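Q: Below you will find the structure I want to go over with you.
The values are calculated or read from the model by the stated rules, or taken from the named source; none is laboratory data. In this text, all values refer to a predicted model and were calculated from it rather than measured experimentally. Please note: Cβ atoms are built from the backbone with ideal geometry, for glycine as well, and neighbour counts cover all protein chains shown. Note: areas computed on protein heavy atoms with side chains; ligands, DNA, RNA excluded. Shrake-Rupley method; radii C 1.70, N 1.55, O 1.52, S 1.80 Å.
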Amino acid sequence: MPCLNRGKIQHPLKIDLMPTKTSFRIAAAFILYAWISPVIGSAQQTIRLRLDATEAPRRIYHAELTIPAAPGPLNLFYPKWIPGEHAPTGPITDLAGLKISAGGRSLQWKRDSVEMFSFQIDVPQGATSVDVKLDFLSNSDAAGFSSGASATSELAIVSWNQMVLYPRGKASDEIQVVAELRLPDDWKFGTALPVSQTTGSNIQFKTVSLTTLVDSPVLAGRHFRHIELTPGAMPAHYLDIAADSDEALNAPPDLIEKYKKLVREAQALFGATHYREYHFLLALSDQIAHFGLEHAESSDDQSRENYLTDPLSRMAGASLLPHEFVHSWNGKYRRPEGLATRDYEQPMKGDLLWVYEGLTEYLGWVLTARSGLLTADQSRQFLALDAATLDNRAGREWRSLADTAIAAQLLYDARNDWESSRRGVDFYDEGLLIWLEADIIIRKQTQGRKSLDDFCRVFHGGPSGPPQVKPYTFDSLAEALNGIAPYDWKNFFETRLNATGTDRAPLGGIEAGGYKLSYVERLSEAQSATEQVRQNTSVAFSLGLRLNPDGTITDVLPEKVAAKAGIGPGMKIVAVNDRKYSSDVLREEIRDTRRNTSSIELLVANGKSFSTYKLNYRDGEKYPALERNGQPALLDETLRPLGR
Ligand SMILES: [Zn+2]
């Protein structure tokens, strides 16, 4: 279990002797030794890491490590299973220039022929440490998570797991590391990693466990803004922003107020904090990967350059910071047993990711509304989109939601084509639907006296303090829910998690919450913003197609008319009813099907061949929306702020 090893004092042995003068001296010396030896021991065991990031803009980092070692065989391990990514995504292919020496003498290393992340060396007699030099070749391809592009000419995100080797088999809590970082001149930085001293572009950090180091990335850049979100309060919260331009830092003041409210609302929801201070590390660039990665005391949030300045961009990604912030409680502090691994070698088990990610997705959605980052109406629009997508997942026929969680390590990398048949990482959005239903059930069972908020205070709250990990199992989760509202929670989750052969998503929370999923002719604000920002088009709920701007089909819904006519992913629509393809033309022609009697005709390229497909469709445009169903609007209650 990776929990932090801070402030652990080793008590001296008790010596049960009547102290004569000599024996007193011996005993005193022994006590003194026993007191200081753990200190000496830990100093000897500390890994020194010096990272040169001055060449980050040309996407190469140079690291030097001094690793304490004893003579004999030593295996050094490159972090493989990356916390928060739930998969063996350590970018081992980008580790280069590996040279290991002891006392100036070069040592030969040999990679394990089965475990590609492990390197064996023989430490010579007399050596107390080995010196390691390595380069990290930083990706310029924006796909992927932390191993995707994360450096530009103007900024960089340093993920320490990419820059270290450590003695294989040792728990990350038991390894101490003292790191030093050199940045390009005039760059500023933000991080939750405690700083010991900064001299010009050199930063010396305090000694921390390897767990804390890997959990504390550094965001640095030329265009930088550091905003205190809770001035004067403890713990402190910061929004650290690095961007590709100064203009991109110009967040409107009312947006900053909403981030301040996000912190207040999260504290009101959970009732305690599990960090010494918290940093939102926000990197804004069109050249980097766009995702969020949670840490206990920070989050690595990467988005478009205009994320703060363009209303559409902001709306499409509104839940990014709330989601990652929630993870400090749900994921970092409370963690499923199978994801609370002791090092970066043990495989992670994702079977409870519908809690780790699904509940986070739900609470992130709730906090996005409570903090005002989206209005309640906009929040319902995003919910409608998720619900409709899941309610039209052909893959439900063969694959349970539970399996999407267990197979997360495969599905994060799955392509978009045939996604409806394959299913993707559905435990996020379908987890949201299930947790919404759980919240509504608690509200109903307790006649409005309690809600999932009460569960969060019990399960994620507790005394405030520095980071720690409290693992849980499915049984202990169900027990905690029972403490809030007695119900057959195990059966509630199991039926929803294990269902196959059903074509409907779990929409019980929406329906009991006073709404129903329906389809209207007008595109919602939420879908329009998402399509403009992500540059795609969805006519999934009419013809059953998702497309790129040039008409290339990224996914088809097998139950809908286009797929039934024989169209598949990878094909490209060239013309719609003899008009050159554009998303507007496609939408116009779909709209006109209500008036026209003729079917839609698509001219489609499939590699070198062209075919015409006639779609027998008359129902016009169809976009998801939530409409009131006559029940009390409990769903809206969940979105109401707790504080000011
Ligand atoms: Zn997440």
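Q: Quick one: what are the phi-derived ³J(HN,Hα) couplings along region 311-322, Karplus 6.51/-1.76/1.60 with θ = phi - 60°, whole Hz, x for glycine and proline?
A: Result, ordered by residue: x, 5, 4, 5, 5, 4, x, 4, 8, 4, 5, x Hz.
Q: Note down the nm distance, to one decimal, between modelled labels 7 Å out along Cα→Cβ at Arg342 and at Leu523.
A: Result for the modelled spin labels: 5.4 nm.
Q: Looking at this model, which pairs from Lys80/Lys170; Lys516/Lys564; Lys490/Lys516; Lys133/Lys170; Lys332/Lys470; Lys258/Lys516 are more than 19 angstrom apart at the alpha-carbon?
A: Among Lys80/Lys170; Lys516/Lys564; Lys490/Lys516; Lys133/Lys170; Lys332/Lys470; Lys258/Lys516, the Cα-Cα distance tops 19 Å for Lys516/Lys564; Lys490/Lys516; Lys133/Lys170; Lys258/Lys516.
Q: Which Cα, out of Val561, Ser582, Ala526, lies furthest along the positive dipole direction of the chain (beta carbon charges, K/R +1, D/E -1)?
A: Value: Ala526.
Q: Still on this structure, I have one more. Tell me which residues come under 5 Å, amide H to amide H, from Asp555 once H is placed; ignore anything under 5 positions away on its chain.
A: Result for Asp555 returns Arg546.
Q: For the charge dipole of region 231-302, defined by +1 on Lys and Arg C-beta atoms and -1 on Asp and Glu C-beta atoms about the Cα centroid, which residue among Ala251, Leu284, Ala266 has the Cα displaced farthest towards the positive pole?
A: Ala266
Q: What is the Cα centroid distance between region 301-330 and region 420-438, reported in whole angstrom?
A: 20 Å
Q: Which lysines have a Cα less than 17 Å from the Cα of Lys608, not counting those fewer than 8 places away in the same chain?
A: Lys572
Q: Using a 1.4 Å probe, what is the accessible area per residue for the chain, in Å²?
A: 42 Å²
Q: Something else: What percent does the relative contact order of the chain come to when contacts are Cα pairs within less than 8 Å and at least six residues apart?
A: Taking the mean separation of contacting Cα pairs over the length of the chain, I get 12 percent.
Q: Please list the non-local residues whose amide H lies under 5 Å from the amide H of Leu98, H modeled 1.01 Å from N, same-chain partners needing a gap of 5 or more.
A: Under 5 Å from the amide H of Leu98: Asp135.
Q: Taking amide H atoms as placed 1.01 Å from N in the peptide plane, list the residues 5 or more away in sequence, or in a different chain, whose amide H sits under 5 Å from that of Val574.
A: Leu603, Val604, Ala605
Q: How about Lys261: which aspartates and glutamates have a C-alpha closer than 16 Å to its C-alpha, ignoring those fewer than 8 places off in the same chain?
A: Within reach: Glu228, Glu324.
Q: Evaluate the relative contact order of region 289-341 (contact order divided by residue number), counting alpha-carbon pairs under 8 angstrom at least 6 apart; express in whole percent.
A: 39 percent
Q: PRE reach from Ala633 (point 7 Å along Cα→Cβ): which of region 484-514 fall under 16 Å by backbone N?
A: Flagged as within label range: 510-514.
Q: Let me ask something additional. Under the Karplus relation 6.51 cos²θ - 1.76 cosθ + 1.60, θ = phi - 60°, what is the ordered set of whole-Hz ³J(HN,Hα) values for region 557-572, x standing for Gly and Pro?
A: Working through the residues one at a time gives 9, x, 7, 9, 5, 5, 5, 5, 7, x, 7, x, x, x, 6, 10 Hz.
Q: Let me ask something else about it. How large is the helix-only mean residue ellipticity at 222 nm for the chain, computed as the sum of -39500 (n - 2.57) over DSSP H runs with n ≥ 4, divided by its residue count, in deg cm²/dmol to the nearest 500?
A: About -8000 deg cm²/dmol.
Q: Follow-up question, since we're still on this one. Ordered by residue, what ³J(HN,Hα) values in Hz, to whole numbers, does region 632-641 give under the Karplus form 6.51 cos²θ - 1.76 cosθ + 1.60, where θ = phi - 60° and Gly and Pro are x?
A: x, 7, 5, 4, 5, 4, 5, 8, 6, x
Q: Report the net charge of residues surrounding Ala407, where surrounding means a beta-carbon distance below 13 angstrom and charges are Lys +1, Arg +1, Asp -1, Glu -1.
A: 0
Q: Accessible area of region 115-160 with a 1.4 Å probe: how many percent of it is carbon plus sulfur?
A: Ligands and nucleic acids excluded, carbon and sulfur reach 48 percent.
Q: Using a probe of 1.4 angstrom, how much of the accessible area of region 520-623 is carbon and sulfur, in percent?
A: Exposed carbon and sulfur together represent 43 percent of the surface.
Q: Report the charge-dipole magnitude of the chain in Debye, nearest 20, computed about the Cα centre from +1 at each Lys and Arg Cβ and -1 at each Asp and Glu Cβ.
A: 1040 debye
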